[in-house]
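J.: I have a structure I would like to understand better, so I am pasting it below and will then ask my questions one at a time.
The values are calculated or read from the model by the stated rules, or taken from the named source; none is laboratory data. Given the structure is predicted, the values throughout are model-derived calculations rather than measurements. Virtual Cβ from ideal backbone geometry, glycine too; neighbours counted across all protein chains shown. Side chains are part of the model used for accessible areas, which takes the heavy atoms of the whole protein and leaves out ligands, DNA and RNA. Shrake-Rupley method; radii C 1.70, N 1.55, O 1.52, S 1.80 Å.
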Amino acid sequence: MTAQTNLSPRGAIDPTWIAPHRTALCLIDLQTDFASPAGQMAAWGADLSSVPHALSHCGKLLEGARASCVPVVFVRLETRPETDSRTWKEWMR
């Protein structure tokens, strides 16, 4: 199965598929702890085998967004013991 990226031949987002003037690309948690074999999730034994493929597609989306002047927002999770919820602490045990 081939993933469809909806990019035009020049790499910009296809304006017939999405309206760049009213769109933003949000990339969530693309950081070492979640996406790297050197990160905490890997240290806990999480299966990161799908990460390289996902990052590749994120890169294509990022290139298309920038080529189309679409704002890009990177969001990351940051935790501290004093702000972590009880649920998060339980999950992290």
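J.: Restricting the first residue to segment 77-89 and requiring it to be touching a residue at least 60 places away in the same chain (Cβ under 8 Å), which pairs with a second residue that is in a loop (DSSP other than H, G, I, E, B) and open to solvent by 80 Å² or more (accessible area, probe 1.4 Å) meet a Cβ separation below 6 Å and a spacing of at least six or different chains?
T.: Final answer for the pair search is none.
J.: For segment 19-34, what are the residues that are open to solvent by less than 50 Å² (accessible area, probe 1.4 Å), of a type outside the set (Gly, Ala, Ser) and over 30 Å from residue 93 (Cβ atoms)?
T.: Listed by number, the residues that qualify are 20, 23, 25.
J.: Need pairs with beta-carbon distance below 6 Å; first residue under 21 Å from residue 54 (Cβ atoms) and within segment 7-32, second loosely packed, with under 11 Cβ neighbours inside 10 Å and at pLDDT below 65; sequence gap 6+ or separate chains.
T.: Correct list of pairs: empty, since none qualify.
J.: Here is a further query. Can you tell me which residues in segment 68-85 are open to solvent by 50 Å² or more (accessible area, probe 1.4 Å), part of a loop (DSSP other than H, G, I, E, B) and under 28 Å from residue 20 (Cα atoms)?
T.: 69, 71, 76, 77, listed by residue number.
J.: I'd like to check something: does segment 35-55 contain any residue that is surrounded by fewer than 13 Cβ atoms within 10 Å (Cβ to Cβ), outside any loop (DSSP other than H, G, I, E, B), out of contact with any Gly (no Cβ under 8 Å at 6 or more places or on another chain) and among the hydroxyl-bearing types (Ser, Thr, Tyr)?
T.: No: zero hits.
J.: How many of the residues in segment 56-67 are free of Cβ contacts under 8 Å to residues at least 40 places away in the same chain, of a type outside the set (A, V, I, L, M, F, W, C) and surrounded by 13 or more Cβ atoms within 10 Å (Cβ to Cβ)?
T.: Of the residues in that region, 1 qualify.
J.: Another question, if that's okay. Conditions first: (1) in a helix (DSSP H, G or I); (2) under 30 Å from residue 18 (Cβ atoms); (3) touching a helix residue (DSSP H, G or I) at 6+ places or on another chain (Cβ under 8 Å). Residue 61 passes all but one, so which condition is the exception?
T.: Just one mismatch for residue 61, condition (3).
J.: Given the conditions (1) aliphatic (A, V, I, L, M); (2) at pLDDT below 80; (3) farther than 30 Å from residue 92 by Cβ, report the number of the one that residue 77 does not fulfil.
T.: (3)
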